[in-house]
């Protein structure tokens, strides 16, 4: 093996360890209700709430009382309200925020982190469920790339019982997504909303990994300068701010019919890709790309989940494959990739 190859391997090893330190929370920390509800992929849950009233008032931040029951019969009292921006306005059922009672969590031996986000299919049709499953894959991809600084999203199967009409809806796939309070606690830092952060205040390697990931999935609906669809995490242990992405429904990987690229990009549709990397050093982007190439098999494997249809799985594998074909063995990273897949 050449000295050049040894040097590259050492760089990749250091980069991997740097991005994936030990979790901040100790083994003695009690599990959270998020952990309990997502212990297995596709866990069945039942939520009882006045869903009709909630949908009719989806612009409000008012909480509606309800309950959540696990497959084992464990019941929790909860409060649920609409959340989000675009999907709140456009979807039949908006994204939801669920709050548990801290005393009830403590009595069950759980952490008192008591808020969870829920993403549900936008409309009552199979295609909307397909899009949600693709977004789930996107979350798991970034978590696979960088488990130490990522948002956890877990797939569950929810049955909603609408108390307003005493009617139970057919079960649907949904995502339980960590609330920002839990993200900060688990990653050992504080989330800061600082706009136009100077480049030297941001961890370049983490920022590059995020930028390359957004490029791979065809997402331009994010920005560090605007703190848009990212968390800026200031570690308690010191060091520079880490960029942690979330919310991928406007990506080409998901390819939602309502998704459009950001106006400033000049892209025709979300299947086209543009590298958004303002202020991130080229060397950091090249290092990040090497990590992606090393992880390619695992990333493509995530597009083959048993919950995905053959058509949806094929689309995602082809879309990710086009990214790797384009970046290939280029000496410089192309800043745009055309998207011909549908």
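The values are calculated or read from the model by the stated rules, or taken from the named source; none is laboratory data. Predicted model, so just to flag it, every value in this text is computed and none were measured. Note: ideal-geometry Cβ built from the backbone for every residue, glycine included; neighbour counts use all protein chains shown.
Overview of results
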| read-out | value |
| --- | --- |
| Identity of the residue in the stretch 190-225, over 23 Å from residue 282 (Cβ atoms) and under 19 Å from the mean Cα position of the chain (by Cα), that ends up surrounded by the fewest Cβ atoms within 10 Å (Cβ to Cβ) | 193 |
| Extreme residue, surrounded by the fewest Cβ atoms within 10 Å (Cβ to Cβ), among residues of the stretch 112-123 that are over 14 Å from residue 152 (Cβ atoms) and within 22 Å of the chain's Cα centre (by Cα) | 123 |
| Matching helices (runs of 4 or more DSSP H) fully within the stretch 4-113 where at least 2 residues are modelled with pLDDT of 95 or more and out of contact with any strand residue (DSSP E or B) (no Cβ under 9 Å at 6 or more places or on another chain) | 102-107 |
| Residue within the stretch 231-246 that is assigned to a loop (DSSP other than H, G, I, E, B) and closer than 25 Å to residue 121 by Cα present | yes |
| Enumeration of residues in the stretch 33-59 that are under 19 Å from the mean Cα position of the chain (by Cα) and either farther than 18 Å from residue 100 by Cβ or exposed (fewer than 14 other Cβ atoms within 10 Å of the Cβ) (or both) | 39, 40, 41, 42 |
| Only one of 318, 263 that is at pLDDT 95 or above, more than 21 Å from residue 208 (Cβ to Cβ) and over 18 Å from the mean Cα position of the chain (by Cα) | 318 |
| Candidates 154, 134, filtered to the one that is under 19 Å from the mean Cα position of the chain (by Cα), outside any helix (DSSP H, G or I) and either modelled with pLDDT under 95 or crowded, with 20+ Cβ neighbours inside 10 Å (or both) | 154 |
| Search result, residues across the stretch 269-312 that are modelled with pLDDT under 95 and in a loop (DSSP other than H, G, I, E, B) | 276, 277, 278, 279, 280, 281, 305, 306 |
